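Okay, so here's the structure we're looking at.
The values are calculated or read from the model by the stated rules, or taken from the named source; none is laboratory data. Please read all numbers here as calculations on a predicted model, not as lab measurements. FYI the Cβ positions are ideal-geometry reconstructions off the backbone, even for glycines, and counts take in every protein chain you see. Areas reflect the complete protein model, heavy atoms only, side chains present, ligands, DNA and RNA absent. Shrake-Rupley method; radii C 1.70, N 1.55, O 1.52, S 1.80 Å.
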Amino acid sequence: MEITTMLKIHSGLFKSITTGCLLAAGIATSASVLARDLTYGSYLPPQHPTSTGISAFLEEVEKRTDGSITYSFFPSGAAASGKEMLSAVRDGMIDGGFLVTVYYPTAIPANTTISDLSFWDQNSLIATAASIDTVLTGCPQCLEEFEEHDVQFLASYATPPYQAMCKDEFASGFEPDGMRMRVAGEEIGRWVSQIGGIPVNIPNNESYEAMERSQLDCVIGATSWLKSLSLSEVANSVVDLPMGAFLGGSLLNIRNSVWEELTVSERNAIIESTPVGVARTIFEYQKEEAEVREAASDQGIRFVPVSDQMKQIRGEFMQAQVERAAATASDRGVEDANQIVENFIANLEKWEQLLADPDITEQQYAALLKSEIYDKAF
């Protein structure tokens, strides 16, 4: 065989091998950029403000990654209950989930310190920003706790100040003695005990049935629950006094082992999507609160004023919460608990100034979270 012919054969064989290798590499490359379908869980129903915010976050991630990350969202406890959510993320059953500190105060005690300052939530926009800022920029312990459970923290949030929604109409004024009240966590439970009530710690999605069966007299929570949890069907009054709130936890997160596998651009997309989800949650709460209060009046639900004495008791409770939150955290093994408390209160003051405009929009709020927290923390 002539040398030139042999060269052509080998050249053709080389080209075939090379083409095959390139095709294989192309297939592998294509496979590596195929959409990663992740899962996210919440124990609350799809119409709840937190679920609306989570959905906005997930959709934003999909958009910003051009579909390299997609999400399946499982609300209403379809993936895990509120109490099981942390272990569900840690054990890989889901890739992220709405984590509520009050269900695991000993597992994430540093984070629970912030939740124990619930009566300091006077404005949900301010308290949300202060909570996120504290965890991401001023509480290494908080981040380490989540990492121990294979969770990459992204955001916490704060509800509007809680009020008591009750079966009684309180025609003669608010009289809490002996009333069984649904609470979230030790602090609101302590408040209920102080005013003579009986605290009952159950998930808020079980509140409707408990009130319907007269196992509860009141539910302490966001008045938006009159709509989102259908409590307007079983409540006849709303006590017009802030009674703490929920703040802290982790509304948005991703399993850390998944986070570490993502590309830099995918991580950035998730980080940039987080303020969008947080802002949607808070503004959905605000919108729903306004709508629900108006609808409740039309439905005959009575808004009950409280005495000056009750207001004074609440003010004293709020001040005492500072020292108590630090002491409780220390008992749970948190180091420098006073520093966490001080950082959070300082961040409340900081964000009160940053959010001085009462007409701030959802988009402006998200942009401020990004520039003041996420651009600095990641």
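If you take the beta carbon distance between Lys350 and Glu147 as r and set R0 to 25 Å, what does 1/(1 + (r/R0)^6) give as a FRET efficiency, to the nearest 0.05?
0.45
Pull out the extension gain between Asp66 and Ile313, defined as 0.36 nm times the separation in residues minus the alpha carbon to alpha carbon distance; nm, one decimal.
83.6 nm
For the chain, what is the calculated [θ] at 222 nm in deg cm²/dmol (nearest 500), taking -39500 (n - 2.57) for each run of four or more DSSP H residues and dividing by its residue count? Walk me through the intermediate numbers first.
Numbers: 14 runs with 192 residues, N = 378.
Mean residue ellipticity, 222 nm, calculated: -16500 deg cm²/dmol.
Report, in degrees rounded to the nearest 10, the 0 to 90 angle that the Cα long axis of helix 49-64 makes with the longest principal axis of the chain.
Approximately 20 degrees, to the nearest 10.
Under 18 Å from a point placed 7 Å out from the Cα of Glu291 along the Cα-to-Cβ direction: which residues of segment 217-245 have their backbone N that close?
From segment 217-245, the list is 222-233.
Could you tell me the accessible area of Lys376 in Å² (1.4 Å probe, neighbours in place), rounded to the nearest ten?
Lys376 exposes around 130 Å² with every protein chain in place.
Please give, to one decimal in nm, the separation of the simple spin-label points placed at Asp177 and Glu342, each 7 Å out from Cα toward the Cβ.
4.3 nm
Would you mind checking the tilt of helix 337-354 against the longest principal axis of the Cα atoms of the chain, expressed as 0 to 90 degrees and rounded to 10?
Result, in degrees: 90.
Show me the ranking of peptides 100-112, 151-163, 67-79 by mean Cβ neighbours inside 10 Å, starting with the highest.
Values: 100-112: 22.2, 151-163: 25.1, 67-79: 17.4.
So the order, starting with the most tightly packed, is 151-163, 100-112, 67-79.
Report in % the part of the accessible area of the chain that belongs to carbon and sulfur, leaving out ligands and nucleic acids; probe 1.4 Å.
50 percent
Give me the angle, in degrees from 0 to 90, between the Cα long axis of helix 308-331 and the longest principal axis of the Cα atoms of the chain, rounded to the nearest 10.
For helix 308-331, the angle is close to 40 degrees.
How would you rank 121-133, 84-96, highest first, on the average number of other Cβ atoms within 10 Å across their residues?
Top to bottom by mean Cβ count within 10 Å: 121-133, 84-96.
Evaluate the charge dipole of the chain about its Cα centre and quote only its size in Debye, nearest 20, assuming +1 on the Cβ of each Lys and Arg and -1 on the Cβ of each Asp and Glu.
Using Cβ point charges on Lys, Arg, Asp and Glu, the chain gives about 840 debye.
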